[in-house]
Every structure is written in structure tokens, then in C-alpha cells.
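All remarks here apply to the structure that follows.
Since every read-out is calculated from the coordinates, none of them should be taken as a lab result. What you see is a predicted model, and the numbers here were worked out from it, not measured in a lab. We place every Cβ from the backbone using ideal geometry, glycine too, and count neighbours over all the protein chains shown.
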Amino acid sequence: MNKITLDNYKKALKNLDEAMARPPANLLERDGIIQRFEYCLEVSWKSSKKVLEYHNYKTDTPRNIVRDLAQIGWINNPEEWIEFLEARNKTSHIYHDLVADEIFKLIPAFLNSSHELLSKLEEMLK
């Protein structure tokens, strides 16, 4: 029986979807949405790693996971996912408004790609 669950990923994605349902009213809300992005991205690659390992792929770092996902056709645009990872790494510099704005602008693309990945991961667990 498959004990891998994607519940944390689904919940993180749902929370980010809800946060993006309307424009942030202020910088505090924007920064909160960026934190949700950060968490959702972490959960996405960790969930991917579990499903990959379930299918006997041995992988380790987030970048290698993206590479592996692309090689087996579970994601179509690895460059985009690398960009998401790089944006995540920039969140430690969120005190700079231009960096925060740059990260915030990536979130809609991340949501689309993340929903596609979640669907693929669910399919691969059936």
C-alpha cells in the first residue's frame, strides 16, 4: 500500500492560491504571500523527491530533483523551476523592495506550474 501523501503540498498550494485571489493591500500582505510561496516551493520539491524515490529514482538537491523531473517528463520547463528556486533563495533579501516585487511577479507562473506538477505527482501515485 502506498503511504506517500501529498496532503501538505495540496494544503500549501491551496493557501497560496487563496492568498493570490486578490491583490495584496499593503507590503505586509505581499511579504506574507511571498512567505507562502517560499513554503509551497519547499513542499513541492520535497513531495517530488518522495514520489521520485517511490519510483526508484535516487535524487538529492532541489536542482537535481528539477533535473530529474524534467528528464522523465514530469515537468516541461525546468528552467522555470530553477528560476523559482533562485527566487526562493533571494527571499532572505526580502528587505529590498525590488527583490520582493521580482519574487511576487513570479508567483502566478509558479502556481500554474505547481498545479501541473501536483497533478502529475498524484497520477504517478495511482
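How far is it, in nm, from the label point at E83 to the one at N64 when both lie 7 Å from their Cα along the line to the Cβ?
A separation of 2.6 nm, rounded to one decimal place.
For region 99-114, what does the Karplus curve 6.51 cos²θ - 1.76 cosθ + 1.60, with θ = phi - 60°, yield as ³J(HN,Hα) per residue in whole Hz, taken in order and with x for Gly and Pro?
Values, residue by residue: 5, 4, 5, 4, 5, 4, 5, 7, 4, x, 5, 4, 4, 4, 5, 5 Hz.
Among I75, A109, L98, whose Cα lies farthest out toward the positive end of the dipole of region 59-116, if unit charges sit on the beta carbon of Lys, Arg (+1) and Asp, Glu (-1)?
I75
About the Cα centre, and with charges only on the beta carbon of Lys, Arg (+1) and Asp, Glu (-1), how big is the dipole of the chain? Nearest 20 debye, please. List each step's numbers first, then the result.
Working: 18 positive and 20 negative charges, 100 e Å.
With only Lys, Arg, Asp and Glu charged at Cβ, the dipole is about 480 debye.
Using Cα-Cα distances under 8 Å and only pairs 6 or more residues apart, what relative contact order does region 20-125 have, in percent? Could the numbers behind the result be given before it?
Details: 65 pairs, mean separation 31.9, N = 106.
Once divided by the residue count of region 20-125, the mean separation gives 30 percent.
By count of other Cβ within 10 Å, fewest leading, how are V43, V99 ordered?
Numbers: V43 20, V99 16.
Fewest-to-most ranking of V43, V99: V99, V43.
If you consider only alpha-carbon coordinates, what radius of gyration and Dmax does the chain have, in Å?
Rg, Dmax (Cα atoms, Å): 14.7, 48.
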